[in-house]
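Sharing a structure, written as structure tokens. Questions coming.
Each value in this text was obtained by applying a stated rule to the coordinates, not by laboratory testing. Model, not experiment: these values are computed from the prediction. Please note: Cβ atoms are built from the backbone with ideal geometry, for glycine as well, and neighbour counts cover all protein chains shown.
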Amino acid sequence: MAYAPITKLDNFTSEENNAQIWLNDVEKAINNGRALQAISYFLKDTANSWYQSLAAKPQTFNKFKTEFLRYFNNNNSINCLTNTFTTIKQEDTEAVTTYLECFHRNLRQIQTIQANYFTVPQILNQFIRGLHSSILQQVHSMHSVDLPIAIIYAKDFEAAELKANHTQAVNLVMNESSDLDSKLKQFSDTINQKLEGYLADNHAIYQPPQ
């Protein structure tokens, strides 16, 4: 039997819909006896491809819900986590160790849902892309083949940069201190000259009694 479209129910595409909320809308719009037969009409794009790929179609609406939520809740969660993971960046004042903790925490969340979602090269490339620009090119130029080695390079380059910055800061302070000492001496000499001139002028004007 063919079913006429139920216009008050939105299509489900997976990219734009929340799986549980959409199923709730299905149950409100279609009585349970018709839901399983009518449901495929509203599955579009990725959702329709998933349904058509099922080797054995669910025989009841409850079984459909179980399979549907198992797939699309995980899929939506991974999409959200992946978006976060691929935008993690090392901040200007953030140490490599702190960035790495955030990187690993997000990666573990994805791997909890799907263990092999990212390949080893993808994980390595994402780690390097997220590094601060001051060390990114240096780490990339080392052509690391695994993450632990890339992490060592990142920490080494960070340490070298911090040492260079520290040396530069010390030299700057010393130069400024030297300039300050020079200016203070110049100021003191100027004051002494003015004071000597002042005393000489006063001595010329006022001669104390002999």
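Mind running the shape call on the range 4-161? Use the C-alpha gyration tensor, a ≥ b ≥ c as the square roots of the eigenvalues: rounded below 1.5 for a/c, prolate if a/b tops b/c, oblate otherwise.
Values: a/c = 3.92, a/b = 3.16, b/c = 1.24.
Prolate.
Rank-order 55-61, 36-42 by packing density, defined as the average count of other C-beta atoms within 10 Å over each peptide's residues, highest first. Each step should come with its number before you reach the end.
Details: 55-61: 11.6, 36-42: 17.3.
Packing order, densest peptide first, comes out as 36-42, 55-61.
Sticking with this one: Could you pull out which residues in the range 134-174 have an amide N less than 17 Å from a spot 7 Å beyond the Cα of LYS185, following the Cα-Cβ vector?
Residues passing the 17 Å test: 174.
Taking R0 as 45 Å, what FRET efficiency do you get between SER77 and GLN137 from their Cβ-Cβ distance, rounded to the nearest 0.05?
On the way: r = 34 Å, r/R0 = 0.75.
In this case the efficiency is close to 0.85.
For every other residue with a beta carbon closer than 12 angstrom to the beta carbon of LEU136, add +1 if it is Lys or Arg and -1 if Asp or Glu, then tell me the sum.
On the way: positive: LYS89, ARG129; negative: GLU158, GLU161.
Summing Lys and Arg as +1 and Asp and Glu as -1 gives 0.
Could you derive backbone 3J(HN,Hα) for the range 55-67 from the dihedral phi with the Karplus parameters 6.51, -1.76 and 1.60 (θ = phi - 60°), listing whole Hz in sequence and x where the residue is Gly or Pro?
5, 10, 5, x, 8, 9, 5, 4, 5, 4, 4, 4, 5
Determine the gain in length on full extension of the stretch GLU67-ARG105; use 0.36 nm per residue of separation and subtract their C-alpha separation, reporting nm with one decimal. Write out the running numbers ahead of the final one.
Working: separation 38, 0.36 × 38 = 13.68 nm, distance 2.81 nm.
Stretched out fully, the GLU67 to ARG105 stretch lengthens by 10.9 nm.
Which of the three applies to the range 65-158, rounded, prolate or oblate, going by the alpha-carbon gyration tensor with a ≥ b ≥ c and a/c under 1.5 meaning rounded?
Working: a/c = 3.12, a/b = 2.23, b/c = 1.40.
It comes out prolate by the Cα gyration axes.
Quick one: which residues, 5 or more positions from LEU43 or on another chain, have an amide H under 5 Å from its amide H? H modelled 1.01 Å from N in the peptide plane, none for Pro or chain starts.
PHE12
Rounded, prolate or oblate: which fits the range 55-117, taking a ≥ b ≥ c as square roots of the Cα gyration tensor eigenvalues, rounded meaning a/c under 1.5, else prolate when a/b beats b/c? Intermediate results must be reported in sequence, preceding the final value.
Working: a/c = 4.95, a/b = 3.76, b/c = 1.32.
Since a/c reaches 1.5 and a/b is larger than b/c, the shape of the range 55-117 is classed as prolate.
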